[in-house]
Amino acid sequence: PPSQDFPDASWAHARRYLFDEFERTKSPIAEEGLRQIQALYAIEAEINGLPPEHRHAERQARSKPLLAELQDWMETQRRRLSGKSDLGKALQYALGRWDALMRYLDDGRLSIDNNLAERLLRGIAVTRKNFLFLGSDAGGERAAIIYTIAETAKLNGHNPEAYITSVLDRMAKGHLASRIDDLLPWNLRPEAQAVAVG
């Protein structure tokens, strides 16, 4: 489980505990919690792909009031249930991480859950035995940086190998360190990368 220093900020995990409880017991309380969380996901489906500023504005106008209602509802239900019951634990899981679960409201770049990150990391997890041969902690840190760059390049429409080659080529040809932000995956167009490599 996530540590209390870095509480889990994924609504997918909070929803999963309620879903498991509903599947097992058909609890109307779990069903209502799932319905309310689904309303948040419906908003996210509508605003997916929009600029971060627009997502932030929509979340403030639409999701924030729903979350206030959900928190009140969860606290009321939690007081009625035994803390030892699975449903009580499911509600406490969300309430105990409430500040972290609300974080996505204040930053349009954040997602409501970490499902995308978990999907992207599956490929890395499959090869984790290879990490035994990196040689040192520093080697592992460098590998993590390269994986992060490659995956971020993919998310921004780049071929990771071509992107990294382009960036290294530009840096070798004297790209100014003070303008390194120009080479970040979201600032460098894939066409510009192709021209730089070709």
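Every number here is computed from the coordinates shown, using simple stated rules; none is lab data. All values derive from a computational prediction rather than experimental measurement.
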Seminar exercise, completed: A chain fully extended from residue 107 to residue 136 at 0.36 nm per residue, minus the present Cα-Cα distance, gains in nm 6.9 nm
For this session: Quick one: what are the phi-derived ³J(HN,Hα) couplings along the stretch 95-104, Karplus 6.51/-1.76/1.60 with θ = phi - 60°, whole Hz, x for glycine and proline?
Result: 5, x, 10, 4, 4, 5, 5, 7, 3, 5
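Taking square-rooted eigenvalues a ≥ b ≥ c of the alpha carbon gyration tensor, is the stretch 37-88 rounded, prolate or oblate, where a/c under 1.5 means rounded and, failing that, a/b exceeding b/c means prolate?
Here the stretch 37-88 falls in the prolate category.
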